[in-house]
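Notes for the one structure printed next.
The values are calculated or read from the model by the stated rules, or taken from the named source; none is laboratory data. Because the structure is a prediction, the values reported are computed rather than measured. Heads up, the Cβs are rebuilt from the backbone with ideal geometry, glycines too, and the neighbour counts pull from every protein chain shown.
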Amino acid sequence: METLGYLIDGFGVALAPHNLMFALIGAFLGTLIGALPGLGPANGVAILIPLAFTLGLPPETALIMLTSVYAGAMYGGRISSILLNIPGDEPAMMTCLDGYPMAQKGKAAEALAISAIASFMGSLIATIGLILLAPLLAKFALTFGPAEYFALFVLAFATLGGITGKNPVKTILAAAIGLMIATVGIDNTGTQRYTFGVLELYEGVDFIIAIVGLFAISELMFFIEDRAGGGKGPMKVNKLTLSWKEIGSIFPTTLRGGVLGFISGVLPGAGASLGSFISYTLEKKILGSKGHFGEGDPRGVAAPEAGNNGASSGALVPMLTLGVPGSGTTAVLLALLISMNITPGPMMFTQNADIVWGVIAALLVGNFLLLLLNIPLVGIFVKLLSVPPKYLLPIVTMVAFVGIYSISNSAFDLYFMVAFGVAGYILRKLEIPLVPIILGLLLGPEMEKNLGHALTISDGDWSVLWSSGLSITLWALAIIGLVLPVVVGPILRRRMKAAQENVG
Amino acid sequence: MKCNDRIFGLLMLVLAVAYGWGATQFPVPFGGGEGIGPETFPTLLAVVLALSSLYLIVKPDPGSKWPPMRTGLELLIAVVVLIAYVLLLQPLGFIITTTLAVGTLCWRMGAAPIRAYVTGLIAGIVVYFLFTIGLDLSLPLGVLSVLEGS
């Protein structure tokens, strides 16, 4: 029951007027970021981090704002899926299947409202799951020694490609590059490593610069290459007519979707794509001939949305309790924590209990805010969606520049960011995933520290890394995480594609 | 297009070797003799990178196409614009450089030139006042600072 006490304290933090205001701003910005073309959630949160700094926000407020952005981005992603049949990111793909047909039948407003309700339910279920599971996992994680942590970090990298990932070797390669960048600078023994005598490199590479460069600038370059700057024509949304009966009919669907989503969010490597995919296929199986899936069944909109949002809240469990994020966006949130001098992991639940529980309570509060924002204000978001990227992306890029410049006031950082952007473009062209690079940058110092501790305890004997039952399990899971996508990935991808083609 | 991965793998192999060699050059830290030195982790990374880049060289994926020359030029322009933006930010000031940079980027992405630069100007002014007045941060005013005195 101590959890309940913490949670009430958390609400005290989250409901403080200024925190509530930033949660509202975050929710609004997040929905925008999710809805706008060419701005993924990871990207959007990354651009907003420098802003959180320049505002001089205290850690809990900054985190509350950015978790609201995170939750909001998941809400926003569905708008373009439903209205344009263009999924904002991979998990939103399944929403297109029934969402777009509904919109074509002139029921766009209903589809948007249903998806908002389903998103709400999914997040709500998963947040409750998070409240129940996170303290347990945190307590369990306290038994981890340095060797187990090292294995856990390896596991995080191994499963990062996700079950739908393509080439695991490229994930390893990307992780190695990220970790190598993390070793630049003066290490804890005072040795200069790979600084080449450049003063700006002594403190290492700032990962916020790397993240904004890799994501935001490479995105701009991709848009230029695809000449996709034109945007889409204006869209119309009909007047909303949704009865309580209809909402009631999707209720069981959202319940199942939320639970499934949460589970796949917590599991390493499964992620939101799998969450929405499983929820959709299961719903189709359960309802069978009773539904008309693929032709605009409301439950076909509700299931993947609940799954997708459930997974995104579930993904916060490993990030908060173990300090190991499972997705690009949670990696960016981790970056925020580290740069606020908060060490994520089990200790955070005891040392920074107010922050952790404040954030969790903020998730609940933010969820309500999002539901309130999304149903009446959907028209505004739809209008903003038709702003062509050719105007939007250059402005967003400039805001990213200003954000970085305002924290450091250094031109060097900006050049560095451009360099990261060009590198990000080339790497994406080569299908090298960027998220392991970011994660490597973030986890590198911790990983090296734990390796050092483990080897110091064992007096230099490397076998200490796989000497306990727990660490062996983690290594085994890591290997499975690397091998499984090679076997299962193509099948899953084909199925998702087949489902897409059956409709389109 | 399998050469994409081959070339990249080769480059990464070179990097791994250079990085690993770099690790052997670290001076022994004062009072060393701990379980791990500053070179241990980098050496491990160099090995991992070398192995995975070797794999890429041996078994490359079919790569995606590189953009044609014209698009490549557009990309180059965009990068040059970004670098010029940083270069001119201090001397010309935020509003003028933003107008030029955002305008050029919008224009190259397909907007009509006048609309593009007007967008840039509006964005520059709005962001400038948002940051300086709203967020109390200083952005360089550059040549426009003569207006400030009057």
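What residue, among those in the stretch A:481-499 that are buried (at least 16 other Cβ atoms within 10 Å of the Cβ) and within 15 Å of A:Cys96 (Cβ to Cβ), is modelled with the lowest pLDDT? In this case the residue turns out to be A:Ala499. Scanning the stretch A:403-417 for residues that are crowded, with 19+ Cβ neighbours inside 10 Å, facing chain B (nearest Cβ under 8 Å) and in contact (Cβ under 8 Å) with a residue 40 or more places away in the chain yields nothing. Of the residues making up the stretch A:386-421, those that are in a helix (DSSP H, G or I) and hydroxyl-bearing (Ser, Thr, Tyr) are A:Tyr391, A:Thr397, A:Tyr405, A:Ser406, A:Ser408, A:Tyr415. Any idea which residue in the stretch A:37-46 is modelled with the highest pLDDT, counting only those that are surrounded by fewer than 23 Cβ atoms within 10 Å (Cβ to Cβ) and in contact with a helix residue (DSSP H, G or I) (Cβ under 7 Å, 6 or more places away or on another chain)? It comes out as A:Pro37. A Cβ distance below 6 Å, combined with a sequence gap of six or more or placement on separate chains, defines the contacts here; from the stretch B:110-130, residues that are over 15 Å from B:Ile95 (Cα atoms) reach residues that are in a helix (DSSP H, G or I) in the pairs B:Gly110/A:Lys390; B:Ala111/A:Lys390; B:Pro113/B:Trp107. Right, B:Leu87: surrounded by fewer than 17 Cβ atoms within 10 Å (Cβ to Cβ), facing chain A (nearest Cβ under 9 Å) and assigned to a helix (DSSP H, G or I) or not? In short, yes. Counting only residues that are more than 9 Å from chain A (Cβ to nearest Cβ) and out of contact with any Lys or Arg (no Cβ under 6 Å at 6 or more places or on another chain), which one in the stretch B:51-61 is modelled with the lowest pLDDT? Out of the qualifying residues, it is B:Val58. Hey, among A:Ala272, A:Ala228, A:Ala302, which residue is part of a helix (DSSP H, G or I), among the aliphatic types (A, V, I, L, M) and either surrounded by fewer than 24 Cβ atoms within 10 Å (Cβ to Cβ) or at pLDDT below 80 (or both)? The unique qualifying residue is A:Ala272.
Looking at A:Leu152, A:Leu137 in this structure, which one is more than 14 Å from chain B (Cβ to nearest Cβ), surrounded by fewer than 20 Cβ atoms within 10 Å (Cβ to Cβ) and either of a type outside the set (Lys, Arg) or within 26 Å of A:Ala478 (Cβ to Cβ) (or both)? Exactly one residue qualifies, and that residue is A:Leu137. Suppose we keep only residues that are polar (S, T, N, Q) and touching a Leu at 6+ places or on another chain (Cβ under 9 Å) within the stretch A:358-394. Which one would you say is nearest to the other protein chains (Cβ to nearest Cβ)? Once the filter is applied, the top-ranked residue is A:Asn374. Just checking: which of the helices (runs of 4 or more DSSP H) contained wholly in the stretch A:4-117 hold 2 or more residues that are of a type in the set (Ser, Thr, Tyr), under 16 Å from A:Ile355 (Cβ atoms) and touching a Leu at 6+ places or on another chain (Cβ under 7 Å)? In the stretch A:4-117, A:59-84 are the helices (runs of 4 or more DSSP H) which contain 2 or more residues that are of a type in the set (Ser, Thr, Tyr), under 16 Å from A:Ile355 (Cβ atoms) and touching a Leu at 6+ places or on another chain (Cβ under 7 Å).
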